[in-house]
Amino acid sequence: MPNAAPIRSEAPQARSAPDLPRGAQAGTPEGIEALIAAMTLEEKAGQLTIMPAALAPSLANAANPEAISGTPSQQEQAVREGRLGGVFNGDSADWHRRMQHVAVHESRLGIPLLFAADVIHGFRTIFPVPLAEAAAFDPELARRTARAAAEEATAVGLAWNFAPMVDVSRDARWGRGVEGAGEDVLLGSLLAAARVEGFQGARLDDADAMLATPKHLAAYGAAAGGLDYAGADVSERTLREVYFPPFQSAFGAGALSTMAAFNDVAGVPCHANSWLMKDVLRGEWDFEGFVVSDYTGDFELIAHGLAEDERDAARLAFAGGVDMSMSSALYARFLPDLVRAGEVDEAEVDASVRRVLKLKAALGLFEDPFNRLAPARTEKGHAPTHRELAREAARKSLVLLKNEGGLLPLARSAKIALIGPFAAGHDHLNGPWVLFGDPRQATSVEDGLRAAMADPQALTVAAGCAAEAEIAGGIDEAVSAARAADVVVLVVGEGERMSGEAQSRLDIGLPEPQRALVEAVRAVGKPTVLILKCGRAMTLDPASEASKALLVAWFLGVETGGALADVLFGDHAPSGRLPVSFPRHVAQSPFHYDRKITGRPPLSLQHGEEFKARYRESLNLSAWPFGHGLTYGDVAYADLDAGAGRMAWDGSLEVAATITNRGAREAEELVQLYIHDRAASVTRPIRQLKGFKRVTLAPGASERVAFTLTRADLTFVGPDLTWIAEPGRFTVWIAPSAETGVEGEFELLKP
Ligand code: BGC
């Protein structure tokens, strides 16, 4: 990191500003031009600079240990001198008010500040981590939780959100999958748009609207080896088919900022990638917003081996299309000089400043810089409606992988041994990327279960071990608790700091102390429900896998305990589905359902065929496939009908199947539609999700579920790297997961 104070404080060469536009006038197109014409180079660079909020160094430091924030008075002075355009990750309305006052009334140009933050899945009321929420396969739910988060966050003045994270993530070793929507392009695109709509609300200038930042552009999730920050050596076809669509969907929904990714793509770091930021983003997608660096990503061009020094890094990042520099202060320090030396064109700087000022205007900040800070606006954190929404979202995020012998739901009168490092207490409930939520507000698993039991005393709790360490005597205590109970509920998995940024893993199984605990408890022989807390797909050891019931609970947020009780005791049926494939072994990574078929696919599900695409030890299949998840009903799929089996070039095709609940309890089923293109001019995935629908079926009930396909669903990035469709035969499935379902075929006819 640069070691200088982030913002130098010599006064800019101020031209007199008495007749410059102020207030709403300054935010008009003419007003913005007048401001730009009057700005010094230092003031321009200031608008292109954002720093961690000095008032909350502990917050900023907790998230980003290497942050340089300056002191509050230094930061105030920088604002007064027009050298800072915004601050981020503060949460004090009073301090924001004070800083805004300085910007508007004490700086020469009176340009309002932009207050930003990482409000990833809730502000005070913490909702399930985005990966968990993706399991609900419910864009409307994602829109609602994003809206609630923005309502809370804007009440302290925040106007710009560094979310949603829309990186497709297909490698379970990579820790940041927890922040996104998982491995699928369609689901990721739908959730990206929904979250943007939720954060931004009806109009950007509403007091409760937050500008959204789909991030990180691009292919951050394709980090080689699953190692965070590593390069992504992906083809342009894969970029266009897999990594770009969620961004395009987010921009289509109105997002007007984006963040460059830390990684390089095919050798060019995203922070210096003008093909990505200029040709594609602005040229092809007509993006009119601005690009911010990811933290010190501009400075990191030195370590990447692209830039000679800090000045060079500033030059390369700016030339690469990064409009605003976060945290490194490189633009504040070097842009003016680069312009004076003729190495950066001032017109380009003006264009970036114009983008930023336009967005400040769109957010209503010129008209009323205090619009989000009105004292009448009180924080709505933990409003009952938000808690209810958190409980609904948490419930819908739960994925039941297995329920042998109908062990779940449990009787409220059962004697339960609740065992595991996450059984009690408020830690490890919210997830790795929460800056502003108070963990003590979260309902623990223990409290949630007790509150729902006939006799709260019939619950015994034993930790057994810590997330990654043994506890002396812990296993003995857990074993005695198990012996005395009717049923064991084991809560194991990842601690909340085991996924997230920089938390890549070599082993995606349970940490050793937990494996020992599960084995010891299993040896007692009681029926066991294993609840898996995780921020990624995990592999399960034999003892865990042998549990009668397996429930994936991710990190569920403030309503963890209540939501688990709702489902464990049967008030609600589980309805979530895996948004990421759970592989059999970590070494399959990156593993995703829509991989390519290869020239030598195994001919059967028998292992051992020679010279086939398999590992010596296993077929390359999942342990639990993408899209899988049970309810308390027993659902069967039958009678796929693909109509006449032909789709006219400009026509459509209805595909339907009969879904029946053969069970004794109501079923909530997520019916999925997949296709496979059998012969195309480039290889196509084994399957691709093309739609999903939720149906609720009473015991014994059947429903015909139909989907309509058109040519648009059959397109891919062809040999010349543009989207095309080709006539020919397709396989189609209506299915409860990416590896099962009823199958048919159809043909796309020639035009
Ligand atoms: C993360 C970003 C985040 C930024 C600001 C970085 O470390 O990669 O996702 O928005 O910090 O907190």
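Worth a mention:
- Single residue of the range 215-236 satisfying the filter (charged (D, E, K, R) and in a loop (DSSP other than H, G, I, E, B)) that is farthest from the ligand (Cβ to nearest atom): ASP233
- For the residues VAL102, VAL119, the requirement of being outside any loop (DSSP other than H, G, I, E, B) and open to solvent by less than 20 Å² (accessible area, probe 1.4 Å) singles out VAL102.
- For the range 724-748, the set of residues classified as out of contact with any strand residue (DSSP E or B) (no Cβ under 6 Å at 6 or more places or on another chain) and of a type in the set (A, V, I, L, M, F, W, C) consists of ILE724, ALA725, ALA738, listed by residue number.
- Scanning the range 489-501 for residues being part of a loop (DSSP other than H, G, I, E, B), touching a Phe, Trp or Tyr at 6+ places or on another chain (Cβ under 7 Å) and open to solvent by less than 10 Å² (accessible area, probe 1.4 Å) gives a total of 1.
This table checks each residue for (1) of a type outside the set (A, V, I, L, M); (2) at pLDDT below 95; (3) not assigned by TED's automatic domain parsing to the domain that holds ARG687.
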site	(1), (2), (3)
ARG577	yes, no, yes
VAL580	no, no, yes
LYS596	yes, no, yes
LEU603	no, yes, yes
GLU610	yes, yes, yes
TYR615	yes, no, yes
HIS628	yes, no, no
ALA636	no, no, no
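- When the range 265-309 is filtered for residues that are closer than 22 Å to ARG333 by Cβ and hydrophobic (A, V, I, L, M, F, W, C), the ones remaining, listed by number, are CYS270, ALA272, MET277, PHE290, VAL291, VAL292, PHE299, LEU301, ILE302, ALA303, LEU306, ALA307.
- Output for the range 514-546, where each listed residue is assigned to a loop (DSSP other than H, G, I, E, B) and open to solvent by 10 Å² or more (accessible area, probe 1.4 Å): GLY525, LYS526, PRO527, THR539, LEU540, ASP541, ALA546
- Counting only residues that are at negative phi and in a loop (DSSP other than H, G, I, E, B), the range 548-601 holds 29 of them.
- Criterion: farther than 30 Å from ARG97 by Cβ, surrounded by fewer than 24 Cβ atoms within 10 Å (Cβ to Cβ) and either within 28 Å of the chain's Cα centre (by Cα) or touching a residue at least 12 places away in the same chain (Cβ under 8 Å) (or both) - qualifying residue of VAL344, VAL399: VAL344
- Residue in the range 472-488 that is free of Cβ contacts under 8 Å to residues at least 24 places away in the same chain, under 23 Å from SER397 (Cβ atoms) and either outside any helix (DSSP H, G or I) or in contact with a helix residue (DSSP H, G or I) (Cβ under 8 Å, 6 or more places away or on another chain) (or both) present: no
- Conditions (1) farther than 18 Å from ASP594 by Cβ; (2) of a type in the set (Ser, Thr, Tyr); (3) within 13 Å of the chain's Cα centre (by Cα): number failed by TYR229: (3)
- Residues that are within 16 Å of the ligand (Cβ to nearest atom) and part of a helix (DSSP H, G or I) were ranked within the range 244-278; the one that is farthest from the chain's Cα centre (by Cα) is HIS271.
- Residue ranges of strands (runs of 3 or more DSSP E) in the range 661-751 with at least 1 members over 30 Å from ALA573 (Cα atoms) and open to solvent by 10 Å² or more (accessible area, probe 1.4 Å): 667-677, 702-710, 728-735, 742-748
- In the range 129-163, residue farthest from the ligand (Cβ to nearest atom) [restricted to those that are under 16 Å from LEU435 (Cβ atoms) and in a loop (DSSP other than H, G, I, E, B)]: ALA155
- Considering residues of the range 410-424 that are touching an Asp or Glu at 6+ places or on another chain (Cβ under 8 Å) and not polar (S, T, N, Q) only, the residue surrounded by the most Cβ atoms within 10 Å (Cβ to Cβ): LEU418
- Between ALA313, ALA319, the distinction of being buried (at least 20 other Cβ atoms within 10 Å of the Cβ) and under 21 Å from THR49 (Cβ atoms) belongs to ALA313 only.
- Checklist (1) under 21 Å from GLY289 (Cα atoms); (2) open to solvent by 20 Å² or more (accessible area, probe 1.4 Å); (3) part of a loop (DSSP other than H, G, I, E, B) applied to ARG170, failing item: (1)
- Pair list, Cβ under 9 Å, 6 or more apart: the range 45-64 residue of a type in the set (Val, Ile, Thr), other residue at pLDDT below 90: THR49/PRO6; THR49/ILE7
The values are calculated or read from the model by the stated rules, or taken from the named source; none is laboratory data. This one's a predicted model, so the numbers in the text were calculated from it and none came from an experiment. Neighbour counts run over all protein chains shown; Cβ positions are idealised from the backbone, glycine included. In case anyone asks, the SASA skips ligands and DNA or RNA and just uses the protein heavy atoms, side chains included. Shrake-Rupley method; radii C 1.70, N 1.55, O 1.52, S 1.80 Å.
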